[in-house]
Each structure stands twice: as structure tokens, then as C-alpha cells.
1. Lys/Arg Cβ at +1, Asp/Glu Cβ at -1, dipole of the range 177-327 taken about the Cα centre: which of H197, V232, L318 is farthest positive-ward?
2. For a 19 Å ceiling on Cα separation, which of these pairs sit above it: K375/K514; K187/K424; K4/K379; K187/K452; K225/K260?
3. Can you list residues from other chains, or at least 5 along the same chain, whose modelled amide H is less than 5 Å from the amide H of H418?
4. Just want the answer: with Cβ charges of +1 for Lys and Arg and -1 for Asp and Glu, which residue in L131, F407, L181 is farthest toward the dipole's positive end in the chain?
5. What does DSSP give for the chain in terms of the percent of beta bridges that are antiparallel, rounded to the nearest 5?
6. Once Lys and Arg get +1 and Asp and Glu get -1 on their Cβ, which of N150, Y90, P289 lies farthest toward the positive end of the dipole of the chain?
7. Note the listed values (1) 63; (2) 52; (3) 42, then indicate which one is percent of Cα pairs over 35 Å apart calculated from this particular structure.
8. With θ taken as phi - 60° and the coefficients 6.51, -1.76 and 1.60, list the Karplus ³J(HN,Hα) couplings across the range 566-573 in order, rounded to whole Hz; mark glycine and proline as x.
Amino acid sequence: MDKKWLTPPGLNAEEKEAIKGLCADLKAPEMIAELLYRRGMRTAKQIEEFFNPTLENLHDPYLFEEMQIAVERTLLAIEKNELILVYGDYDVDGTTSTALLYLGLKRIGANIDFYIPHRMIDGYGLSLASLEQIKERGCSLIISVDCGVNALDEIRAIRDLGMDIIITDHHNPKAELPPALATINPKLLNCAYPFPHLAGVGVAYKLLMAIYQKMGINDTENVLKYMDLVAVGTIADIVPLVGENRVFASIGLQHLIEKKNLGLNALIQLCGLNQKTLDTTDIVFGIAPRINAAGRMGSAAMAVDLLISTDEIQSAELAEMIERDNSLRQQEDQKTFYEACEIIEKKYKNIAETPCIVISSDDWHQGVIGIVASKLVEKYYRPVVMISFKDGFGSGSGRSVADFDLFSAMQHMEHNLHSFGGHKYAIGLTIYEEYIDRFENELARYVADKLKLEQIQPPLVIDHEIELYDINEYLLDSIELFAPFGPENARPTFMTQEVIVANYPYNVGRNHLKLKVVKDGISLDLIGYNLGDYLTLLKKNSVINIAFTLEYNRFGNKASIQGKLKDLQIIGV
């Protein structure tokens, strides 16, 4: 689908003067100063904190209103040798959160265990079916991670069973909060915590640091001890990589490089990643899918076992098992995607006039429908809900497009649903089969009202227009200082107009376009992932506009500058 290129607005005289001042202060190119300015960095202090994230940039965990209650109850449980159970979710954020609290509390003497729900048996979040089993283990305190804020019935049941629960979560809460002993969530209404974008692992980390602070052991070693887990969970959950999340990602990636966690190191080795140059892309496309695969294809408890392992042989064995799960997940992904596309083409005769896509099947694996829904959004650029039914009861995943709040839409559809939860752009739900038609009709009307069809076009934000002669190692080295890259701090996207295709383009891998362009005697090699469909439209000497990012292409000891093509516009052939 054609993307809508969004170029930056013009600068007024005051803004131009401010950028010139940043140039002088930073001794940096004007383009770099402008990129910083447009990303909200307006002072030398802000820029210093951005380029050099430190522990000093982290907020006091006691800014959470109920943190004191949570800390005192946890320490009382440790003092009395009560069994504390960490109850996590089955994705990367949930498993890293579980491993973090398990390891962090165990090393201060806690009698600790964990429980990860099985996707097929328990469903998402706290499960009523699991509570009796947890009680039978002798548990008196549950700490939820990455779940729980909307589990009203489950938390009432926990209290009825005589157990306490502390919720740590980052999902959007509904109007009524469950009666937990304490709820730590930066998205609670009127929460005083100044950074609302923490992942679940970030919230769990705040609880652990508050406990260490209370005990007087929050020295640098302990503060940094599990930062690699915090980084992996934060990066994998696609939360904004700004503020505290940038600190977690930056420092945590360094810990990954230093091989602090045996399980993560085993996965890195298995992925064939370069341990010395790990970045957010390696997490999102290398480590995270493998950790997720355990929960998608079987039990995510195996992923936690890997992350808490203290034995290299055991770590390697668990990593191999997870790799096998990932291979099965990839096969299931591909099969489900093709089936979903066939259903969509038959069901929606005119996709251009279709506000949203709701599809279902009795044959789909619940573990992959979230991934496939994301791929369908990329292909059709509509909000997508996929539902896997079993005996008339469906578990679904939804993914949204830019500027459409799918979680808010679910709040308006709640009377059709058994349950739901999630974020603005990603939701999970359960529904009885008899309600699906009404749900789709109401969702379609809601989407059509909130999101005009002519506006449904993938946006491509252009950061700056440049010429090919502007591209050099000094520019790219300056851009690399913006890393780690992620949401709200994406690698800058550039635009160059009227370049000429200098060779015969060709496809590599799975539909990836390779070409060389030239302008003003300067050439640039480009690769466009999943842009192979353009091959039949291009030929040597075609004139095109290109939108691209810049990165180093490393081969052996050599590094060359390569453009990663985001989109192109054909001007003439």
C-alpha cells in the first residue's frame, strides 16, 4: 500500500536561531542539531542526558503511591519465610519481569516461586483455574507482573482464598480497579509517577529497587544487576524508548554484551548475533521472537527457566528447545497468514471501503494470531482482529493502525466480549461465538466514525531531506549517537528526490529489493525489505524519490554505508 510521506513542518526564525545556537554548543552539523531540536531536545542539558543515559536519570520508585505498602508486605513475607509467588504473563515482557523478581528476591533470602499461565489452558493474565493450585503450594503472597490490573474476579478470589496480592502492571486500567493489597501501575488515574511509558518489566524493576532501597542495599552493583533483563523486556514490548526506558535499553544492552545472564547469552549464541554490537534490532528480531515462541507453542515457564538458569549446560539445552519452538512458530505463522489472506480476499470484496477486518477460524493456533494480525495490518492497513475458536469460545488478538485507539474501541464494544485488555495499538480479547457478528458490525461502525477511510494510509515520517553528497561517515557516526533506537526515537528517515537507478534492480531473500541509485555523481546502495514487488516497475535509469535510513553494512572487517529503503516514488521510467 502506498505510504503517505509526512515531511517536517518549516522552521520559523526563532527556531532557526535556536538550532544555530545548538550547533555552536554541540559543535555538530546543523542537520544533527535540527534532528535533536525536533525531537524535543532544546537545551544542552537535555541533549547531554539523551546522549549519555545514566542511573541518575531514573526516578524514585516511591513516587508510586502504594509502593510503601508493597515493599513492607514483601519484606514481611521474607522475614516470616512465607512463600512468595511471582505470577507473570507469557510474552517477553512477562517472562523477563518474572525472572527479574524471582532472581532479585531470591538473592535477599525470599522463599520464592513463579507461575506462568499456559496460553491454551489458562488464557491471558491471572487465571481462576490456577488459584487453587497456587494456594495448595502454600503461597500467601502473590506478586503479579505485566498483568492483573483488570482482573477483578480473579483478585477477589485470591482474597477469598486468604492470599494477598500486589499488582505490578502497565496495561491500561478500566474504570474499576481490583481490590489488591497494592497496585503499582504508572497508567493509573492521577498516578504521581512522572514517566507513564514503563513496560511491565520496568514496573517490576521499580518494585525490586524500592525493596533494595528500603534494605539499604541499592548500591550500583545491585541497581545494575538485572538491567539486561529490563532492557530485553522493555525493547521487546515496543514501548517508547525515551526517558527511563532509554536508560534501561542503553545500559541493559551493555550488560548483554558483557554476558551477565547465562540464558540470554545462550540465546545470543544460538541466534548467531555479534555479541559486541548488540542493538535493539537484535532484540526485536532475534532474541524476543525466540523467548515468545516458548509461550506461543508450549509453556513460557521454559523461557523463565532459561532466564534464571545458573548452569551453562542447562542454559544451552533450554535455548535449543526454545529454538525448536521458534521454528514451529515460524511455520505456523506462515500457514496462518496465507489462510487469513484467503479469508480476507473472499470476505471483503472491496477492501478500500472496509473500515476494519475481523476474521476467525477453529483451526488457528492461539499462539500466533497476534503476530499474524500485525502482518495483516502491514498488508491491508486496517485495524485487524483475529479470533481462534474452540468449542464456541474464542480467544482473539487485535492490532491497530496509527492514531486509532483499539483499546478505547474495545471499551465501547465490551458488552459483546467476555473479557479484554491491552494497549492503544494491541489488545487481547475473549468472546463467545454467537456475539462475533454483532461485535464486527459495531466495531466497523465505530472505526468508520473515528477513522475516515480516505485517511487510512500508512504514514511515513520524513525527518530531513538530504542529497546523496551529504552522506558520509561523520553524518552516520553522529546518527549512531541517537541509539538505542525504538518507538518515539526511531532511526532518522531521510528523503532524496529524483535519483536515478544506476543498475538493474534485483530481489534477494524473501522479497527484498536491492538497487543502486546515483545523483550528482554520488551513488548509494539500497536494500528495501519486503519491497520486492517494486521490481517489475523499475528498470535501469528509472527516476525515483527515495525515503530511507542510513546504517553501516559490516562484512568481515570492512564497513560501508548502506541505505535501508523505507519507500520509493517512481517519477519516470
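Bear in mind that the values in this text are calculations on the coordinates, not laboratory data. Computed from a prediction, not measured in an experiment: that's the story for all the values here. For neighbour counting, all protein chains shown are included, and Cβ atoms are generated from backbone atoms with ideal geometry for every residue, glycine included.
1. It is H197.
2. Exceeds cut-off: K375/K514; K187/K452.
3. T430, I431, Y432
4. Value: F407.
5. 60
6. About the Cα centre, the residue reaching furthest to the positive side is P289.
7. (3)
8. 9, 6, 8, 10, 7, 9, x, 10
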